[in-house]
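Please read the structure below before turning to the comments.
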Amino acid sequence: MPTRHKGVHSDAYLDHFWPHHAVIPWENCCGRHYDPAHSRAQEMGEAVRHAHITRDGRDYVVFRFKEPFQAERMAQEFGGETYYGGDRKGPGWDKWRKRLRRTQLS
């Protein structure tokens, strides 16, 4: 188990207080796109740390927000998707397991 550092919040703490996530593909928010993406996230009140997850062999950066509209706006601006922090729990938390949402049929 890694050492805990004083003043550094755990992923569980961040997922609890910033549960709405914008999942942005690595190439859309790093490299030459780093400054626009990260400065926009800071303006919108993101959490102090990001998460890095993988899905289908692709890397993503997760920006955490308190409100769902913030995550939706960030995802729209940088070509990503949104998801709820609870979808990332359990073993293999660094992998994004997308849950299918059931829709009601009339």
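Here, each number is a calculation from the coordinates, and none is a lab measurement. The structure displayed is predicted, hence computed values, not measured ones. Cβ: placed from backbone, ideal geometry, glycine included. Neighbour counts: every protein chain shown.
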Could you list, bin by bin from short to long, the percent of Cα-Cα pairs of the stretch 12-88 in 10 Å steps? 21, 59, 19, 0
The ³J(HN,Hα) series, computed from each phi in the stretch 45-56 with the Karplus coefficients 6.51, -1.76 and 1.60 at θ = phi - 60°, rounded to the nearest Hz and given as x for glycine or proline, is x, 5, 5, 6, 10, 9, 10, 10, 10, 10, 7, 6
For the stretch 15-31, just list the computed ³J(HN,Hα) in residue order, Karplus coefficients 6.51, -1.76 and 1.60, θ = phi - 60°, integers in Hz, with x standing in for Gly and Pro. 5, 6, 8, 10, x, 9, 10, 10, 9, 10, x, 3, 5, 8, 9, 10, x
With Cβ to Cβ distances under 11 Å as the rule, what net charge do the other residues near R40 carry (K, R +1; D, E -1)? -3
Exposure proxy order (Cβ contacts within 10 Å, fewest to most) of T54, T82: T54, T82
